[in-house]
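Remarks on the structure that follows.
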Amino acid sequence: MKPLDVLGEMLDNQVLVRLKNGIEVRGVLKAFDIHINLVLDNAEFSDEDVERRFKSLFLRGDMVLFVS
Amino acid sequence: MKPLDVLGEMLDNQVLVRLKNGIEVRGVLKAFDIHINLVLDNAEFSDEDVERRFKSLFLRGDMVLFVS
Amino acid sequence: MKPLDVLGEMLDNQVLVRLKNGIEVRGVLKAFDIHINLVLDNAEFSDEDVERRFKSLFLRGDMVLFVS
Amino acid sequence: MKPLDVLGEMLDNQVLVRLKNGIEVRGVLKAFDIHINLVLDNAEFSDEDVERRFKSLFLRGDMVLFVS
Amino acid sequence: MKPLDVLGEMLDNQVLVRLKNGIEVRGVLKAFDIHINLVLDNAEFSDEDVERRFKSLFLRGDMVLFVS
Amino acid sequence: MKPLDVLGEMLDNQVLVRLKNGIEVRGVLKAFDIHINLVLDNAEFSDEDVERRFKSLFLRGDMVLFVS
Amino acid sequence: MKPLDVLGEMLDNQVLVRLKNGIEVRGVLKAFDIHINLVLDNAEFSDEDVERRFKSLFLRGDMVLFVS
């Protein structure tokens, strides 16, 4: 099993993404690629205690620290 | 579906781009590539509370955090 | 023997992963690839003295400092 | 249309280039490549409130934030 | 002679590895690759004046400053 | 015309190189490659108000901001 | 002539290497590669005013600023 297979098992599930700057985003994982670019649906992004919601969010992979 | 397909669906729509330094840019997505280089038309770029408008803005992809 | 072979020997064992920002994560190594992307099961991630547990954690390889 | 095509349309026009460190450079775009290396003619580079002019300026692409 | 040949001559010898953040690690070099990923056996890692020992340590190459 | 062609026209001429950390180096451009690695002859490098001269200086390209 | 040819001419000569963090290392250049990984013999590395000597030092290329 490779790490990307584990991301594949998370598709259509609610995930927590932590970015390298400490920001965390929650949403339903809809897509990913080998660069760890991610698409989250119904994403909650908390930015300095203000929570913002996005129907569909494209996250650039090089800022991702972990996905769970 | 791959993340870049989701960017493709955003073409010609109004998008919000957040850069890694926290700056946010709004505009109509006109083009993108695999490096996440973006072109926004009628772009609003807020820089230290001064809002600037650009008819056409080429953004280098490695500074992009998210697109929504 | 190559460094990735040593990671291979650690599969299914409890490992300690130290990230470049000093955060340490413990868990069972389930997968890795050439980018040092890792998957840890039953992962303990200590974030500012709050310990969090994740059933399965995908860690992006470019933030890894060491694995032991 | 791809982002580099938009740069192509800017050739021989006056452009504004913002670097990742916030410095802005103005000049006539004479050349670019896929790394977003740029050549500006009659470039104005403002460095700590001192404006400097360069007849021809080669800018390394990895420091570019946007071109407009 | 190429730099990696010199690393090859250090195999099975005690080496000192200095990381980009100033941390130094000592141990027996057991493996390396072209990314300068390293494996050290009986590694001593000093972290804020606390010395830790690891039977086998995989170090990601992009944090290495020097090996001697 | 491509940006590297413009560097080619600068060969054997006196150039100013600004590094990403703000340091500037002056010298005669003797060589360059696609990574923007540069060789300057009779190079003046000012480091904290101390000017140093080097008969031949190899500069790693990834620290270059501009060449003029 | 390409920049690496100039490094080639420095082989077996005493060189000064400045790292991106300002540290300077002196020694005899014994090997280099396209990543600017270097091997210095009889290397003097000054670290916070303490000078250390290494019989053979492998320096990772991505920390090199210049070689002279």
- Query: Taking amide hydrogens as modeled 1.01 Å from N in the peptide plane, which residues meet the under 5 Å criterion relative to A:His35, leaving out close sequence neighbours?
  - Reply: none
- Message: Ignoring ligands, DNA and RNA, please state the percent of accessible area on the protein assembly as shown from carbon and sulfur, probe 1.4 Å.
- Response: 45
- Query: To the nearest Å, what is the center-to-center distance of the stretch C:34-68 and the stretch B:25-56, using C-alpha atoms only?
  - Reply: 35
- Message: Tell me the accessible surface of A:Asp5 in square angstrom (1.4 angstrom probe, heavy atoms of protein chains only), to the nearest ten.
- Response: 80
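Once every DSSP H run of n ≥ 4 in chain B is given -39500 (n - 2.57) and the sum is divided by its residues, what mean residue ellipticity at 222 nm do you get, rounded to the nearest 500 deg cm²/dmol?
Values: 1 runs with 7 residues, N = 68.
For chain B, the value works out to -2500 deg cm²/dmol.
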- Task: Determine which chain E residue has its Cβ at minimum distance from the rotation axis mapping E onto G, giving the value in whole Å.
- Result: E:Asp62, 8
- Message: Report the F-G buried area as the accessible area lost on both sides summed, probe 1.4 Å, in Å² to the nearest 100.
- Response: 1700
- Dipole of the protein assembly as shown, Cα-centred, from +1 at each Lys and Arg C-beta and -1 at each Asp and Glu C-beta, to the nearest 20 debye? 680
- Message: To make sure I understand the rule: partners must be aspartates and glutamates, Cα under 13 Å from the Cα of B:Lys30, and not fewer than 8 residues away in the same chain. Which ones qualify?
- Response: B:Glu9, B:Asp12, B:Asp41, D:Asp5
- Query: What list of ³J(HN,Hα) values in whole Hz, one per residue of the stretch E:24-37 in order, does the Karplus curve 6.51 cos²θ - 1.76 cosθ + 1.60 (θ = phi - 60°) give from phi, with Gly and Pro shown as x?
  - Reply: 10, 10, 10, x, 8, 6, 10, 6, 8, 9, 5, 7, 6, 4
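If you filter chain B for GluC sites (Glu not before Pro), then keep DSSP loop positions with at most 12 other Cβ within 10 Å, what is left?
Values: sites: B:Glu9, B:Glu24, B:Glu44, B:Glu48, B:Glu51; in loops: B:Glu48.
Sparse-neighbourhood loop GluC sites (Glu not before Pro): B:Glu48.
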- Neighbours of C:Lys20 by Cβ distance under 10 Å: Lys/Arg at +1, Asp/Glu at -1, summed charge +2
- Query: Got a sec to turn the phi values of the stretch A:41-46 into Karplus ³J(HN,Hα) couplings, 6.51 cos²θ - 1.76 cosθ + 1.60 with θ = phi - 60°, whole Hz, x for Gly and Pro?
  - Reply: 9, 6, 7, 10, 10, 9
- Task: Pop a pseudo-label 7 angstrom from the Cα along the beta-carbon direction at both G:Glu51 and A:Glu51 and give the gap in nm to one decimal.
- Result: 6.1
- Task: With only Lys, Arg, Asp and Glu charged, each at its Cβ (+1 for the first two, -1 for the last two), find how big the charge dipole of the stretch B:3-67 is about the Cα centre; round to the nearest 20 debye.
- Result: 120
- Could you give the accessible area per residue of chain A, probe 1.4 Å, as a whole number in Å²? 44
- Query: With chain G treated as a Gaussian network of Cα nodes joined by springs under 10 Å, which of G:Val15, G:Val50, G:Val25 yields the largest mean-square fluctuation?
  - Reply: G:Val50
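The values are calculated or read from the model by the stated rules, or taken from the named source; none is laboratory data. Nothing here was measured: the structure is a model prediction, and the numbers come from that model. When we count neighbours, we look across all protein chains shown, and the Cβ atoms used for this are built from the backbone with ideal geometry, even at glycine. Calculation scope for accessible area: heavy atoms of the full protein, side chains included, ligands and nucleic acids excluded. Shrake-Rupley method; radii C 1.70, N 1.55, O 1.52, S 1.80 Å.
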